[in-house]
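Colleague: This structure is in structure tokens; I'll ask about it shortly.
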Amino acid sequence: MTPSGRPGRVLAAVLPAVTIVTALVVGVAVGVEISLLVIAAGALAGVIALLWASVQALTGESPITLEEAMTLGAPSAEEEQKRSVLRALKDLEFERSVGKISEEDYAELSARYRTEAKRLMQLLDAGAEADRERAEKALRERLAKPPAKPEPAADGAEHADDKELPESEREAPARASGAEHAETPPSDATNEAPSGAESEEAS
Amino acid sequence: MWQSLPEFGTGVLYAILVSAAYTFAVGLAAGRGQPRLLRSARLGAYATAGLTLFAIALLTYAFVTHDFRIRYVAHYSDRSMPRLYLFTALWGGQDGSLLWWLFLLSGYTTACVAWLGGRYRQLQPYVIATLMAIFGFFVVLMLFAANPFEATIAGARADGEGLNPLLQNYWMIIHPPSLYTGFVGCSVPFAFCVSALASGRLDNEWIVAVRKWMLFAFMFLSIGNALGMAWAYEELGWGGYWAWDPVENAACLPWFSAAAYVHSTMIQERRNMLKVWNVVLICITFFLTIFGTFLTRAGIISSVHAFAQSDIGKYFVGFMALVAATSAALIVWRLPKLRGKTEIEAVASREAMFVINNWALLGAATFILVATMFPKLSELWNDKVTVGPPFYNRWLAPIGLTIFALMGLAPLFGWRKTSPDALKKAFVFPTAALVVTYVLHIAFGRSLGYPAFVERDVFYPGTVGIVLQKIGSALPGLTVAIAAFNVAVVIQEFARGVAARRRSAEKRNDKESIPVALFRLLDKNRRRYGGYIVHLGICAMFIGFTGGAWSIDRETAMKPGQTYELGRYTLRYEGPRMCPGNPRCSPEEQADVTKRMIFADLTLLEGGKTLGRLSPAHFIYHRQPDSPTTEVAMRRSLREDVYTTVATVDPQSKRATFAFHVNVFVSWIWVGAMVLVGGALISLWPELSFRDVGAWSYLRASAGASAGVATSVMLAIWLCMSPTSAYAAGTRPRAPAFTDDVRRPFPLAPFGAAAAGLGFGAVVAFGRRRGR
């Protein structure tokens, strides 16, 4: 996550590079003393930008990006357990191939891991079904709405980014892809202050 | 208000504190599952790290511009210091080293937050909050007790006091940063641990995340300790590399617990066991890093390494109490979730071996901890009791040997239980290697100068003393035999893995040559086989440690022209030489006006053949004439080092008193450390799949990993180049080069080994993931 919006992302990529290059050039041309000041200035500029973005995110003035929304679909506990079991199964195969485990033990352990993996997969499928339906419903509602008007030029550059989603819609992909926040009440997202994009959508 | 750099720098420290506190609060709030707050906390963490970079840049600027208004700058630098040492002065004193600690923590925080990305979203808020709490502690410490920006009370001086000459050494340029990197690196696993406990996400995935961070810290702890040994060996001039000094002990304590953790975490991953043990190990490791820092800085135990006495000890005690109390409370709270349902089913299983290994490692750490604190503890009920190196060496020998043996045993067992047939098959080759090596060692060792049994004094009266004496006496033979066993185990594991791969390929109607199968085996199982390479490195180090049993230590006084027989060598004293001023001094020595150098030139001969010249010396710095330094001169080889120092030189009679040492196999310690680092790098290398993550992400991740690994590789190469650099003149003239008449075989050998080991690791790491 970088400072919000395209300008923020550009700043996050460009500022360190510009600072390092300038410091190197100044270091060679003028001296290491000034080069250190360039680094300090670059760090300070970055800190200001980061704190500004942090406060904006805190107060709900910056929209959530698609990339961030997608990360909401972080693996659930069951998903992580499934990975762990599959890893153990893979390791078991390796142990068998190098002759460190008897065939009887292999068969017993393999069956146990497979049963557990199957149980977890079924659990995940069952959990994902409800979320998928909700996501599809949200998508249908979204498509049914008339297209939003373009924003005014002042802050339009940020909101015009088609990779960003309004706050109200950020939960949809999350629930569709694993429902990490299954424990979080649905009202949580709506309790936060609406962003500019949300206001736009509402209007 | 902030009209000068000292005040401005202090203001920046306050800003770090405010930023850390803000991020801590937002992080905790984000723990309720609100993505917006998490985003804000992540940005806050980056900003806090940025402020720390700003602070370190300011202090570096103050050093480079000789801003003696700052007390720390005035105390640890002067105008004559080379620029490189002005940078190292950043961590040369207490206040700066705390800021350096914070700077490294900011690097870890940035890397950790960036790496986390969308992963472990429930853990992230608490990870950030914990890291910020650690930030907060160090900033408070600096602001209230050890401010590196504090102004000089009497105003700016014309010149500073300068850095301690012992610290003006190239090892000191890299030893503290690498050790600190290891120490500070333990903060990330601790943050994850607290986070898992606080959030209740105690499944096995978080432990996978922690594993690599801990392995990274472990690697740097190894590098840092090895570099510290190299510094002590080369700079302190007493002939050895490890004196069981309290600060040395403090540096190795987290190494033991981290080593225990990187093994026990595998049990949790595979068998869903030892959850409590693992979180305890992580907490202990972090606690020990803080304890080590406390021991170095509080001045409660006398040590050659300790910083000046100060009142920061109470802050550390408070923080350690907070860490212990918080960890204990969280563990007790989550105990029902942490308790596993599975148990160790058989002693003949890998998990049982790992558990015993863990106990031995923790036992060693506890022993060292108690022995380190014993002089202080003994004051409570008796007169102060000093604990010296012989005590450690005698008692730790059996513990170390147990750990060494278990290291070889564990890979021979399978998970859960191992059938008698499989065990028999696994043990034949390593046991044969052990027996053959031991018999050969007993038969031929003495004639080669490396007897399997050596004379040892009875250290204690009674049975315990006799047992320890017997173990000590048999130690060389046992260590060599167990090393052979360990090497055989690693060879066998690679051979079995390669054979399995080739069989598997044949079943697919494919063919894999042995090198290809070996390459793919390593590529596909980096953690396992990287770990085996680490074991090989430890074997080499143990051989290096054992060499001490066959070393020769002598002291003598000689007049010019006299010779001294030292084992198979002869040393002829040519006479003293004072530089600058003497026509025999090199141009560099003549040009050095910062110190007076008194050399005692020796010619080294073997069987009548001249090998070269050794010139041990005393350096007397004009700024610190009361602290002359001893400069070592030595001839290194993989077999042994001829190590010489001069104690006194009489200007009238030219008679000099010398200490001579023939240190057997010491170089294997550095080679072993290098192999260990190479193995750790292989284990650490991220398993990325081009197809899975996409081209750009792959490139980004590879670049990030490459940067981290490249740093490690550079350190490793630096370490392995130690023999070469020992003779090279640094920015300040050293005891002059060993001027040999024959080409020394050694310098290229470890470098070649390093290049081979690291190159192999790099090839594996960069290799394409074919044949998966």
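Quick note: the coordinates plus some simple rules give every number you see, no bench work behind them. In this text the structure is predicted, and so the values were computed from the model without any measurement. Cβ sites come from the backbone with ideal geometry, for glycine too, and all protein chains shown count toward neighbours.
Colleague: How high is the FRET efficiency from A:THR115 to B:GLU343, r the C-beta distance, R0 22 Å, rounded to 0.05? Walk me through the intermediate numbers first.
Modeller: On the way: r = 20 Å, r/R0 = 0.89.
Once the sixth-power term is evaluated, E becomes 0.65.
Colleague: Would you mind ranking B:ILE598, B:ILE466, A:ILE34 so that the residue whose beta carbon has the fewest other beta carbons within 10 Å leads the list?
Modeller: Values: B:ILE598 21, B:ILE466 13, A:ILE34 16.
Listing B:ILE598, B:ILE466, A:ILE34 from fewest to most nearby Cβ atoms yields B:ILE466, A:ILE34, B:ILE598.
Colleague: Suppose R0 equals 22 Å. What FRET efficiency, 1/(1 + (r/R0)^6) with r the Cβ-Cβ distance, do A:THR59 and B:GLU7 give to the nearest 0.05?
Modeller: Working: r = 32 Å, r/R0 = 1.45.
For A:THR59 and B:GLU7, the calculated efficiency is 0.10.
Colleague: How would B:ILE669, B:ILE471, B:ILE514 line up from fewest to most surrounding beta-carbon atoms within 10 angstrom? Spell out each step's value before the answer.
Modeller: Numbers: B:ILE669 24, B:ILE471 16, B:ILE514 12.
Taking fewest neighbouring Cβ atoms as first place, the list is B:ILE514, B:ILE471, B:ILE669.
Colleague: Taking 0.36 nm per residue of separation and subtracting the Cα-Cα distance, what length does fully extending B:GLU506 through B:SER653 add?
Modeller: Numbers: separation 147, 0.36 × 147 = 52.92 nm, distance 7.93 nm.
Extra length available between B:GLU506 and B:SER653 comes to 45.0 nm.
Colleague: Hey, can you grab everything whose amide H is under 5 Å from the amide H of B:GLY612? Only 5+ residues off in sequence or another chain; H modelled, so Pro and N-termini drop out.
Modeller: The answer is B:LEU604, B:ASP741.
Colleague: Decide, for the range B:190-327, between rounded, prolate and oblate: order the square roots of the alpha carbon gyration tensor eigenvalues as a ≥ b ≥ c, take rounded if a/c falls under 1.5, and otherwise choose prolate if a/b is larger than b/c, else oblate. Numbers along the way, then the final one.
Modeller: Working: a/c = 3.30, a/b = 1.58, b/c = 2.09.
Note, shape of the range B:190-327 comes out oblate.
Colleague: Which whole-number percentage describes the relative contact order of chain B, with Cα contacts under 8 Å and a sequence gap of 6 or more? The partial results should precede the final answer.
Modeller: Values: 1288 pairs, mean separation 72.4, N = 772.
Relative contact order comes out at 9 percent.
Colleague: May I pose another question? Rounded to the nearest 500 deg cm²/dmol, what is the calculated helix-only ellipticity per residue at 222 nm for chain B, with -39500 (n - 2.57) per DSSP H run of length n ≥ 4?
Modeller: Values: 25 runs with 478 residues, N = 772.
About -21000 deg cm²/dmol.
Colleague: Let me ask something else about it. Could you work out the Kirkwood radius for the range B:461-515, taking every pair of different alpha carbons, averaging 1/r and inverting it, reported in Å?
Modeller: On the way: mean 1/r = 0.0689 Å⁻¹.
Value: 14.5 Å, from the Cα pair sum.
Colleague: Exposure proxy check: B:ASP421, A:ASP131, B:ASP626, B:ASP553 ranked by fewest other beta carbons within 10 Å? Write out the running numbers ahead of the final one.
Modeller: Working: B:ASP421 10, A:ASP131 20, B:ASP626 6, B:ASP553 15.
Ordered from fewest to most neighbouring Cβ atoms within 10 Å, B:ASP421, A:ASP131, B:ASP626, B:ASP553 come out as B:ASP626, B:ASP421, B:ASP553, A:ASP131.
Colleague: Pairs B:LYS275/B:LYS511; B:LYS275/B:LYS384; B:LYS212/B:LYS337; B:LYS275/B:LYS524: which are spaced more than 32 Å apart, C-alpha to C-alpha?
Modeller: B:LYS275/B:LYS511; B:LYS275/B:LYS384
Colleague: Find the all-direction average of the projected area of the Cα convex hull for chain B, expressing the result in square nanometres with one decimal place. All intermediate terms of the calculation are to be shown ahead of the outcome.
Modeller: Working: hull surface 149.3 nm².
Taking a quarter of the hull surface, the average projection is 37.3 nm².
Colleague: Here is a further query. Where a ≥ b ≥ c are the square roots of the eigenvalues of the C-alpha gyration tensor, would you call the range B:328-420 rounded, which needs a/c under 1.5, or, failing that, prolate if a/b is larger than b/c, or oblate?
Modeller: On the way: a/c = 4.89, a/b = 1.51, b/c = 3.23.
In terms of gyration-tensor shape, oblate.
Colleague: Cα centroids of the range B:218-281 and the range B:166-211: how far apart, whole angstrom?
Modeller: Between the Cα centres of the range B:218-281 and the range B:166-211 lies a distance of 12 Å.
Colleague: Sticking with this structure for a sec: Determine, from the Cβ-Cβ distance of B:ASP457 and B:LYS559 and an R0 of 35 Å, the FRET efficiency 1/(1 + (r/R0)^6), rounded to the nearest 0.05.
Modeller: It comes out at approximately 0.55.
Colleague: Please report Rg (one decimal) and Dmax (integer) in Å for the Cα set of the range A:5-62.
Modeller: Rg and Dmax of the range A:5-62, Cα atoms, are 13.8, 45 Å.
Colleague: Does a label point 7 Å from the Cα of B:VAL385, set along Cα-to-beta-carbon, have any residues of the range B:451-476 with amide nitrogen under 14 Å, and which are they?
Modeller: Inside the label zone: B:460-461.
Colleague: Let me ask you something else. Once the piece of chain linking B:ALA25 and B:LEU638 is laid out straight, how much longer is it, given 0.36 nm per residue of separation minus the C-alpha distance between them? Kindly include the intermediate steps, with their values, before the conclusion.
Modeller: Details: separation 613, 0.36 × 613 = 220.68 nm, distance 5.55 nm.
Additional length available on full extension: 215.1 nm.
Colleague: If you don't mind, there's one more thing I want to ask. Semi-axes of the range B:550-664's equivalent ellipsoid from the Cα gyration tensor, sqrt of 5 times each eigenvalue, largest first, rounded to whole Å?
Modeller: Values: eigenvalues 124, 43, 38 Å².
Whole-Å semi-axes of the equivalent ellipsoid: 25, 15, 14.
Colleague: Sticking with this one: If a/c stays under 1.5 just call it rounded; otherwise compare a/b with b/c (prolate if a/b is bigger, oblate if not). Do that for the range B:143-238, with a ≥ b ≥ c from the square roots of the Cα gyration tensor eigenvalues.
Modeller: Details: a/c = 5.01, a/b = 1.62, b/c = 3.09.
Oblate, since a/c reaches 1.5 and b/c is not below a/b.
Colleague: Pop a pseudo-label 7 angstrom from the Cα along the beta-carbon direction at both B:LEU377 and B:ARG527 and give the gap in nm to one decimal.
Modeller: Spacing of the two 7 Å Cα→Cβ label points: 3.6 nm.
Colleague: How far apart, in nm, are the 7 Å Cα→Cβ label points at B:ARG83 and B:SER513?
Modeller: If labels sit at B:ARG83 and B:SER513, their model points lie 4.9 nm apart.
Colleague: Continuing with this model, one more query. Any idea how far apart B:ARG32 and B:MET320 come out in nm if each label point goes 7 Å out from Cα toward Cβ?
Modeller: Spacing of the two 7 Å Cα→Cβ label points: 3.8 nm.
Colleague: Another question about this same structure. If the cut-off is a Cα-Cα distance under 26 Å, which lysines reach A:LYS137, setting aside same-chain residues fewer than 8 apart in sequence?
Modeller: Those lysines meeting the cut-off are A:LYS145, A:LYS149, A:LYS163.
Colleague: While we're here: What's the local net charge at B:TYR643, with K and R +1, D and E -1, over the other residues with C-beta under 14 Å away?
Modeller: Net charge around B:TYR643: -3.
Colleague: Could I ask something else about it? When all C-alpha to C-alpha distances in the range B:1-163 are sorted into bins of 5 Å, what percent of pairs does each bin hold, rounded to whole numbers?
Modeller: 2, 10, 19, 19, 15, 12, 9, 7, 5, 2, 1, 0
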